[in-house]
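Have a look at the structure below, then the notes.
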Amino acid sequence: MSPFETFAVPENMRHLPTEALDVLERGFWQWRDEAKRADRLRSRTRICLLFELLRYSGARLGEVLALDDRRAVDIEKMQIFVGKGAQKRCVPLPEKLCRELRKFAASPAGTGLAGELFHLDPGYVRRMFYARAEQCGLPRELGAPQVLRRSRAIELLRSGVPLGVVQEILGQSSADLVSVFQNWSKHDVQDIVRRMAVDAAPLRSSARNVFSGHVAEIRRDGVMAEVVLETVFGQHVSAVITVESLEALQLDIGVPVSASIKAPLVDVVFDAKGRVSSASNCFAAEITGVRRSEVLSEITGRSIDGMRFCALLASSVLDEQQPEQDGPSAGQSVCFCFKALSVVLHTL
């Protein structure tokens, strides 16, 4: 049985749901952007990066404050090493955090902080965290680093990450979080937790449509194979690849993968009743943006469960599809469609 089907949060355990964590995260960066002086911008950026690291690694405050970022943070591999001795572990980091770390290190504000980026006074850190929580309309005590640690554990469990893996990532064995001890290899831990890095894959590809998840189904003949990817949003994306590629990627049920589709290969169906697509992948969505020139039109959209799409169409084709309208606009309901042969799979 999956952990999210059996795990219950004790009533006395203070934590923040994912939605509240996202609100707090935006609050931190808004506070950073309000800095008027260079020294304050530098200081606030360090606090924001510290928050991000705690929020996504689930590490203890003391562990992060003691880090030598030159040795502990591997931006290229998007991972961090925290803890000591038996509690030392490697935790994957999201792309957006690695991007901010790289940006700060290359900026004048990051000069002289190599190896000491997170060396901050714990009392000062807690005061800043409490203040940000209050600023976001949350009880101040919910901004505590320990609450972030618990919240990350619960977030992972709610997302279906096995209890034993959560224990491995957090470097602890609290009975509040782990009711059954499970042994997982280091490889298992890395593969499972990387599924949580939803935004890691897009910036590694020039494709505008990238979806992360795991292999849910494989159908094959002697030459070709259809691989069905179940995204982190619960949607299914079908890809058709050669059996040779299937074996080269070592794909099997449960293996974490990402799927990418170039924007010119994505079609937009504005009227599903009047025009039916032959594509095997079709997703209902709402247009979030339109950029148009005389030759090409870029249409972006988002499904109700969070999947993002981008299509690049000839403007003349767009006019033919909507002759009686001024063109597509934000908020309009459409379907984004693409063929299984247009999908490229990548292992994570």
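The values are calculated or read from the model by the stated rules, or taken from the named source; none is laboratory data. Note that the structure is predicted; figures quoted are calculated from it, not measured. Cβ coordinates were reconstructed from backbone atoms using ideal geometry, including for glycine residues, and neighbour counts include every protein chain displayed. Side chains included, ligands, DNA and RNA excluded: accessible areas come from the protein's heavy atoms. Shrake-Rupley method; radii C 1.70, N 1.55, O 1.52, S 1.80 Å.
Quick notes on this structure:
- Ellipsoid equivalent to the stretch 224-347 - semi-axes via the Cα gyration tensor, in Å: 29, 15, 12
- Treating each Cα of the stretch 63-110 as one equal point scatterer and applying the Debye formula with no solvent, the log10 of I(q)/I(0) at q = 0.18, 0.27, 0.32 Å⁻¹ comes out as -0.57, -1.07, -1.24.
- Among the GluC sites (Glu not before Pro) within the stretch 12-73, those in coil by DSSP and having at most 13 neighbouring Cβ atoms inside 10 Å are Glu34.
- Largest first, the residues Tyr130, Tyr56 sort by 1.4 Å accessible area into Tyr130, Tyr56.
- The simple Förster model, with R0 at 51 Å and r as the Cβ-Cβ distance, assigns Arg14 and Gln250 a FRET efficiency of 0.75.
- With DNA, RNA and ligands ignored, accessible area of Met224 (1.4 Å probe; Å², nearest 10): 60
- Subtracting the Cα-Cα distance of Arg102 and Ala86 from 0.36 nm times their residue separation leaves 2.8 nm of extension gain.
- Taking only protein heavy atoms and a 1.4 Å probe, the accessible area of the stretch 283-348 is 51% carbon and sulfur.
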